[in-house]
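> For reference, the structure I am asking about is given below.
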Amino acid sequence: ARDQVVRRLVASGLYDANRRRPWPTAPLRVGVVTSVGTAAWHDFHHEIEASRFGFELRVCDTRVQGDGADRSVAAAITTLARRSDVDCIVVIRGGGARNELATFDAESIAMAIATSTVPVITGLGHEIDRSVADEVAHTSYKTPTACARALIDAVSTFGSEVEQAWAAITALATHRLGDASTALV
């Protein structure tokens, strides 16, 4: 069933659609699809809070395993993708048995990710786990904590680039003011 979902996504041209979405320069407004109260949420949220960056999280607390979880996760992704105040979406779930993670092989979740208007990143399970959701996401990470780290690194890189640009502007302005001052004398 998993292979059939992947084949249908490839045939429809949606398999890598989300990867073609441009990654935001400073992804501070983050939609999060997870089950709040779990270790996955705690680990992700702790990393984000510890960064001291001004992340704004829009959280859809949803079931991530069991009956109806596939529909719930897909609906949460679709809902967040429709918002104008979300730079990217993170779908996270901690590890578990392979059959518990099978939710993320559902075609409804894959379609929600593939058709999302914003990039979707995933952190599902552990290092050895790989789902269809991971396959169609913009980028997949091994764990929820790794997702948080990627967001933090992106914002940190943006901050460094802004500081470098400001230093270059300041140096150029100082140089030009010096030249203008000399020309006036």
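> Using only alpha carbon pairs under 8 Å that are at least six residues apart, calculate the relative contact order of the chain and give it in whole percent.
26
> Let me ask you something else. Can you pull the percent of the stretch 95-185's accessible area that's carbon plus sulfur, 1.4 Å probe, other chains left in place?
Answer for the stretch 95-185 is 61 percent, counting heavy atoms of protein chains only.
> Something else now. For the chain, rounded, prolate or oblate, judged on the Cα gyration tensor with a ≥ b ≥ c (square roots of eigenvalues), a/c < 1.5 rounded, else prolate if a/b > b/c?
In terms of gyration-tensor shape, prolate.
> Shifting gears a bit: How far apart, in nm, are two points set 7 Å out from the Cα along the Cα-to-Cβ line at Glu100 and at Val162?
Between Glu100 and Val162, the label points sit 3.9 nm apart.
> Compute the acute angle (0 to 90°) between the alpha-carbon long axis of helix 69-82 and the principal axis of greatest extent of the alpha-carbon atoms of the chain; round to the nearest 10°.
On a 0 to 90 degree scale, this one is about 30.
> For the chain, what is the accessible area per residue in Å², given a 1.4 Å probe and the full set of protein chains?
Heavy-atom SASA per residue in the chain reads 53 Å².
> OK, next. What FRET efficiency comes out for the pair Phe53/Ser84, r = Cβ-Cβ distance, R0 = 22 Å, nearest 0.05?
0.55
> Could I ask something else about it? Set the Förster radius R0 to 45 Å, insert the Cβ-Cβ distance between Asp61 and Thr170 as r into 1/(1 + (r/R0)^6), and round the FRET efficiency to 0.05.
My answer for the efficiency is 0.50.
> Now, a different point. Shape of the stretch 28-112 from its Cα gyration tensor (a ≥ b ≥ c, root eigenvalues): rounded if a/c is under 1.5, otherwise prolate when a/b > b/c, or oblate?
Oblate.
> Helix 2-12 sits at what angle to the longest principal axis of the chain, using alpha carbons and giving 0 to 90 degrees rounded to 10?
50
> Just want the answer: with Cβ charges of +1 for Lys and Arg and -1 for Asp and Glu, which residue in Ile169, Gly68, Thr115 is farthest toward the dipole's positive end in the chain?
Of Ile169, Gly68, Thr115, it is Thr115.
> Between Thr25 and Arg7, what is the spin-label point distance in nm, taking each point 7 Å from the Cα along the Cα→C-beta axis?
Distance between the two pseudo-spin positions: 4.5 nm.
> Follow-up question, since we're still on this one. What is the distance, in nm, between label points placed 7 Å from the Cα along the Cα-to-Cβ direction at Thr182 and at Leu14?
Rounded to a tenth, the inter-label distance reads 6.4 nm.
The values are calculated or read from the model by the stated rules, or taken from the named source; none is laboratory data. As the structure is a prediction and not an experimental result, all values here were calculated from the model. Every residue, glycine among them, receives a Cβ derived from its backbone with ideal geometry; neighbour counts consider all protein chains shown. Accessible surface is based on the protein model in full, side chains and every heavy atom, while ligands, DNA and RNA are left aside. Shrake-Rupley method; radii C 1.70, N 1.55, O 1.52, S 1.80 Å.
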